[in-house]
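Nothing in this text is a laboratory measurement; each read-out follows from the coordinates by a stated rule. These figures come from a predicted structure and were not determined experimentally. For neighbour counting, all protein chains shown are included, and Cβ atoms are generated from backbone atoms with ideal geometry for every residue, glycine included.
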Amino acid sequence: MMMVAATENSKTPREATEPLREDIRLLGGILGDVVREQAGDRIFDLVEKARTESFRLRRSEIDRAELEELFDGIDPADAIPVIRAFSHFSLLANLAEDLHRERRRQIHRRAGEPPQNSTLAATYRKLDNADISAEKVSELLDGALVSPVITAHPTETRRRTIFEVIKRITALMRERNRTGLEDDERDDIDLALRRQILTLWQTAVIRLTRPRLETEIDVGLRYYDMSLFDVIPDLNAEIRTELRRRWPNAELLAQPILRTGSWVGGDRDGNPFVTADVVRTATRRAAFTAMSYYLAELSDLKQELSMSDRLVTVTPEVAALADASGDDSPFRSDEPYRRAINGIAARLTATARQVLDEIPPHSRDSNLPPYLRPEEMLADLSEISASLRGHSDGILADDRLEKLREAVQAFGFHLSGLDMRQNSDIHETVVAELLAWSGVHENYRGLSESERVDVLVAELSTRRPLTRPDATLSDLATSELGIVRAAATANQELGPDAVPHYIVSMCSSVSDLLEAAVLLKEVGIFDPGNADEGPTCSMQIIPLFETIDDLRGGADILREILAIPVYQQVVRAWGNRHEVMLGYSDSNKDGGYLTANWALYKAELDLVAAARDTGIRLRLFHGRGGTVGRGGGPSYEAILAQPPGAVRGSLRITEQGEVIAAKYAEPGLARRNLESLLSATLESTLLDVEGLGDDADDAYTILDELADMSRDAYADLVQRTPGFLEYFRMSTPLAEIGSLNIGSRPASRKATNSLSDLRAIPWVLSWTQSRVMLPGWYGTGTALQQWVGDSDERLAQLTDLYRRWPFFHSVLSNMAMVLAKSDIGLAGRYANLVPDTAVRDLVYGKLRDEHARTVEMYKAITGYDDLAGDNPQLQRSVHNRFPYLEPLNHLQVELLTRYRSGDDSALVRRAIHMTMNGLATALRNSG
């Protein structure tokens, strides 16, 4: 059978991993049978030959050239089923590993072992052992917020249909692993698995067309029904209860700590497809999703609360709700709860009719007035809860009703806050046009920074608009004003939390923020106030610092803008709170892995100091991607690695691409991942987790030196090596990625060949496909080696930092994960795609040498002899699945060679895209 030998020679104890081996054996065997049945013996034999040779290569029994020969000149029609076979196995192996981790957690719990880190149970224990006063906890958790934000540029290459099939296979495998099954029950499950794997084989993996933004909006919203509606209310209730039990007089978490956000439909930075209509669609579809959930829950709740007033006595408030419900059915005349719930559903239906384009299912028509705010609906639900508790039915109140109350608190009528984002260059262009049209200034762009600030502050101090409805403006200005106006309308209809944030990307000056404020003033979001009332802005303006230089200057920009009186007053209206976003993608592309990580850490230190000095409360928004090169890695460790004072109870973090599905595709996954965010936020806020004590300054000095050395090594490759860009374009599938239908947004911000204009996703995805993984390690080895030199003492210092400092530990651990997934030998095969042999030899030689240097330094510092030494799950995954990546890489190179030689047939293009999909799936890192 196919794929059975995947776990040969495992280093993990057999008794612990035997269930995993059994699952892989079962799924791989079924897949092999399907391949034979559907593609024929010849293709099956080719797949088996490739599998066998890949394992022989791992055992150094053959040279890589022998495996390459297997696919030389392969017919694309034969290549496609081979690619699909190895891609599907990777998908099924991911599933088996996820189930194994779930199974191991259950075993640990049943054995009574202490709760594992990154769980709330473990965090509660740590808090119990800490001496923290109620006053301190109350101060630190004031305005607490943990918000995962689903982004607008997914790197997930699989279609929704594939997710649905995998979901069904997962459910069947859980059922199969249940103890006590009879043989015939197990046989039925195996038959059902065969049906699903057959369906998987016969379903096209790749989209034929690029998804529209409206499709991406619906894709982002699907996770609420899949998991978030189920998990978020429970977690909010649990954490509030647990914290208040420990500090009963602190009145903690008056607002839900866990609330979601989205960029899907609001992020127009480089995306021309975001329009006013898209903003309207995004906000209304989100509201439709929330109200649909509430109406469905009310329908079920009505069935459950069948109490008769002949048997229980309801409160006068519930009796009044029932009487005012408009429900005069004689069959419910003695059922006040059912009539009251019908009234709530009728008012919510009226709300939906007023603000939505489509009325949700389970609606109820009446002449009742709509709810103007979700707090009104929450108040009615609370009356029902109080009444139930009044006749000793608290056990009922704590079930569906309590979960619905928590949901309304967390999601409101808007579901999730839609962030607006635009590049500062666009703001500058549009504001310059508006100022010229109004006669305020003919050449705004020619002004100095201080002169710009003076002009903008003057505009923010008056209610006079810069335009009027009949103004003749450029398409760009018309579009930008229309988009911001659509956001203002959404907030008027759904409340200020519908579109709460306006992010200025590539922010490098005070004027960049003030320009955004001027645009918001044009549509009434920014109100300059008058003699009696100060200025207000219902949407928070957030600078996004991305490049290394912008990160270094971010704190100064914050200090400077907070010194402007009109802005000071606006921030005061925000509760003296200010959010700053930190970009991981461009900083990495700008300065390399180690330099970017340290620049982010130092930026946070500087921003914390600026917040302290100016008397504001800072909230950081981390723009992390799915890969280490874009800030990825385990969220729990990443949050604990933040500098002291950088969290303070609040955290927003982007969730992107394949990471979204990996974390939120089902309730169990969603709970574990949201728990890790909450646990890390609480621990970073309430406990001392940095671990450096009085040695912090010395550690910071060491990282300053390492970061400078790393940046120079990175720049030497990327900026100073002749032909580097040519090598990058030719040795990776960069050009072909542009036609892979993975998202609505273009691969570059501008139509240029500049690396600075290339988006981080194709930059990282290209290096991932070629197995170089450059953004996750390059330059670090040189820096570490240069700094240590021949000094055992310096090496010991780095080892000490690795053991004591979460930041440094996280940096090296994430880097090791990337290195473990890289394969510099395979990268050499991709290097052969570069026509210029001098460029090829020069650049590949630098990559090969730096890779070896980085691995050597990691092992020397950590003491591990394996890159996955501190990550048994990764070790198991690399051993189990990575031989199956080898054929995909070789096939990709073969097909790229053919395509670039002029064979641009549909089969070749499709096969290339399928190898990209398979590798992204197997590596669990797209971009």
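Taking the Cα centre of region 417-623 as origin and assigning +1 to Lys and Arg Cβ atoms and -1 to Asp and Glu Cβ atoms, the resulting dipole is close to 520 debye. As a calculated quantity, the FRET efficiency between D704 and Q492 at R0 = 30 Å, using C-beta atoms, amounts to about 0.05.
Lys and Arg at +1, Asp and Glu at -1: add these up for the other residues within a Cβ distance under 12 Å of Y567 and post the number.
Numbers: positive: R559, R572; negative: E560.
So the surrounding residues net to +1.
Taken about its Cα centre, the chain carries a charge dipole of roughly 1360 debye when the Cβ of each Lys and Arg holds +1 and the Cβ of each Asp and Glu holds -1.
Which of L415, L481 has the fewest other C-beta atoms within 10 Å, and how do the rest follow up to the most?
Details: L415 28, L481 20.
So the residues, fewest neighbours to most, are L481, L415.
Dipole of region 279-411, Cα-centred, from +1 at each Lys and Arg C-beta and -1 at each Asp and Glu C-beta, to the nearest 20 debye?
Numbers: 16 positive and 22 negative charges, 96 e Å.
Approximately 460 debye in magnitude.
Which of rounded, prolate, oblate describes region 805-927, given a ≥ b ≥ c as roots of the alpha-carbon gyration tensor eigenvalues and a/c under 1.5 marking rounded, otherwise prolate only if a/b is larger than b/c? Oblate is the answer for region 805-927, as a/c is 1.5 or above yet b/c matches or exceeds a/b. Based on C-alpha pairs under 8 angstrom that are at least 6 apart in sequence, region 279-411 has a relative contact order of 27 percent. Summary value for the chain: 16 percent relative contact order, contacts being C-alpha pairs under 8 angstrom separated by 6+ residues.
With Cβ to Cβ distances under 13 Å as the rule, what net charge do the other residues near D33 carry (K, R +1; D, E -1)? List each step's numbers first, then the result.
Values: positive: R25, R36, R194, R195; negative: E37, D41, E48, D190.
My count for the surroundings of D33 gives 0.
How would S227, S448 line up from fewest to most surrounding beta-carbon atoms within 10 angstrom?
Numbers: S227 21, S448 9.
Arranged by neighbour count, lowest to highest, S227, S448 become S448, S227.
When the GluC sites (Glu not before Pro) in region 400-475 are filtered for DSSP coil states and for at most 14 other beta-carbon atoms within 10 Å of their beta-carbon, the remaining sites are E442. Using C-alpha pairs below 8 Å separated by at least 6 residues, the relative contact order for region 417-623 is 20 percent.
With each run of n ≥ 4 DSSP H residues scored as -39500 (n - 2.57), what mean residue ellipticity at 222 nm is computed for the chain after dividing by its residue count and rounding to the nearest 500 deg cm²/dmol?
On the way: 38 runs with 559 residues, N = 927.
Theoretical 222 nm ellipticity from helices: -19500 deg cm²/dmol.
Ordered by the number of other Cβ atoms lying within 10 Å of each residue's own Cβ, fewest first, T289, T313, T199 fall into the sequence T313, T199, T289. Restricting the GluC sites (Glu not before Pro) of region 212-316 to loop positions (DSSP other than H, G, I, E, B) with no more than 14 neighbouring Cβ atoms within 10 Å leaves E251.
Give the shape of region 279-411 as rounded, prolate or oblate, defined through the alpha-carbon gyration tensor: a ≥ b ≥ c are the square roots of its eigenvalues, a/c under 1.5 means rounded, and otherwise the shape is prolate if a/b is larger than b/c and oblate if not. List each step's numbers first, then the result.
Working: a/c = 2.24, a/b = 1.61, b/c = 1.39.
Prolate shape, in that a/c is at least 1.5 and a/b is the bigger ratio.
Listed by chain and number, the lysines placed with their C-alpha closer than 19 angstrom to that of K602 are K589; residues fewer than eight positions away on the same chain are left out. For region 266-319, the square roots of the Cα gyration tensor eigenvalues, ordered a ≥ b ≥ c, give a/c of at least 1.5 with a/b greater than b/c, which places it in the prolate category. Counting only lysines at least 8 places from K859 when in the same chain, those with an alpha carbon closer than 21 Å to its own are K11, K821, K846. Span-like helices, the chain: DSSP H, alpha-carbon axial extent 30 Å or more, mean Kyte-Doolittle -1.0 or greater, which ones? Helix filter hits for the chain: 14-39, 76-110, 276-304, 593-614, 696-718, 837-862. Potential lengthening of the chain between D277 and E451 amounts to 59.1 nm, from the contour at 0.36 nm per residue minus the alpha-carbon distance.
Excluding the sites themselves, what is the longest stretch of the chain that contains no trypsin sites (Lys or Arg not before Pro) in a DSSP loop with at most 15 other C-beta atoms within 10 Å?
Values: sites that count: K11, R59, R178, R212, R310, R463, R720, K750.
My reading of the result: 464-719 is the longest stretch.
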